[in-house]
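We did not get these values from a lab; they are worked out from the coordinates using the rules stated. Computed from a predicted structure; not experimentally measured. No Cβ is skipped: glycine too gets one built from the backbone with ideal geometry, and neighbour counts run over all protein chains shown.
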């Protein structure tokens, strides 16, 4: 019955509300928005200046009365009003004025596993205030597993590691539920911080977060490369206060990321140790699946495979796995009752 009712809502949305990026899936259309989770606000007037891609361009470049804020920290809302404004902007961008006759959308939102009820309520309230008619929450590792096409409802073990911007969710899934899981605050943003600290400690060079992210993309790796890379770090000399640039190798960046990567790998190994033997046997056969933007760090699958002695695969288009999973759930909303979720209606 709910599927029949749900089918009348042509603009229902699936949202991957991430620390670094927000992706929006529109029912029957696919992913239509993939923008940074950034909001720029004028402190004098309290008005929003820019959201998404335009706001990210302002990071570190704004005058004193304008500040760019990332309203989610480690996958959890840290600035409720900014999150509400950002969601409203994305929902309005999808609907537009010419679709104002349609009912407000139902929304499926991916959230980090194991967040508190208060944090869940904050996501639900922000989405409702932004214009959602009804909100369904689904754990990100479950959504990513659906998006990756894993047999989550079967009596077999699947292991997924979703490495996002703020958190990494590690989950062993069977019969539509998470059997063993961990959430780590070690993901893409932590890797950026590692590079900033490395430049400061080794070269007395102060980098911005965007510069650190570019260095990670250009030369970051988790395991030795067949041909090591080089890139240039540009920032402010902490001694002279003047601009400075230094060449840096992928080997140096790998060393900078070493501590965080070890912690992440140990968490994955710890999750395997807590997993029932029968499910471990399944995982050994099927392998560990990686999703999220952090899984695109060069050779991270090789590092995890070497440490766990298991095959490791990166799902197709890992950045969109959670959003694609929410989209599949939109097409079959009854799936929510089979994998566990919470929802709030107006």
The chain: relative contact order as a whole-number percent, Cα under 8 Å and 6+ apart: 20 percent
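Would you mind ranking 250, 37 so that the residue whose beta carbon has the fewest other beta carbons within 10 Å leads the list?
250, 37
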Fewest-first ranking of 138, 76, using other Cβ atoms within 10 Å as the exposure measure: 76, 138
Pair residue 337, residue 251: separation of 7 Å Cα→Cβ label points (nm): 6.0 nm
Cut-off 13 Å, label 7 Å out along Cα→Cβ of residue 229, residues of the stretch 191-215 by amide N: 213-215
Distance between modelled label sites at residue 153 and residue 47, nm, 7 Å Cα→Cβ extension: 5.0 nm
Cβ-based exposure ranking for 336, 137, 175, in which fewest neighbours within 10 Å come first: 175, 336, 137
Euclidean distance between Cα centres, the stretch 276-337 to the stretch 79-152, Å: 22 Å
Distance histogram for the stretch 188-256 (every C-alpha pair counted, 5 angstrom bins, percent rounded to whole numbers): 4, 19, 32, 25, 13, 6, 2, 0
Cα-projected label distance for residue 61 with residue 316, points at 7 Å along beta-carbon direction, nm: 3.6 nm
Förster radius 45 Å - calculated FRET efficiency between residue 285 and residue 236 (Cβ-Cβ, nearest 0.05): 0.30
Shape category assigned to the chain from the gyration tensor of Cα positions, a/c cut at 1.5: oblate
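If you take the beta carbon distance between residue 309 and residue 92 as r and set R0 to 56 Å, what does 1/(1 + (r/R0)^6) give as a FRET efficiency, to the nearest 0.05?
0.70
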Stokes-Einstein D (µm²/s) once Rh is taken as the Kirkwood radius of the stretch 42-172 over alpha-carbon pairs, at 20 °C in 1.002 mPa s: 128 µm²/s
Protection proxy ranking, peptides 285-295, 26-36, average beta carbon neighbours within 10 Å, highest first: 285-295, 26-36
Relative contact order of the stretch 188-256, defined on C-alpha pairs under 8 angstrom at six or more residues apart (%): 32 percent
Of 15, 268, 41, the one that fluctuates the most in a GNM where the chain has Cα springs shorter than 10 Å: 41
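Is the shape of the stretch 202-297 best called rounded, prolate or oblate, per the rule: a/c under 1.5 gives rounded, else a/b larger than b/c gives prolate, else oblate, with a ≥ b ≥ c the square roots of the Cα gyration tensor eigenvalues? Walk me through the numbers on the way to the answer.
Details: a/c = 3.39, a/b = 2.66, b/c = 1.27.
Prolate.
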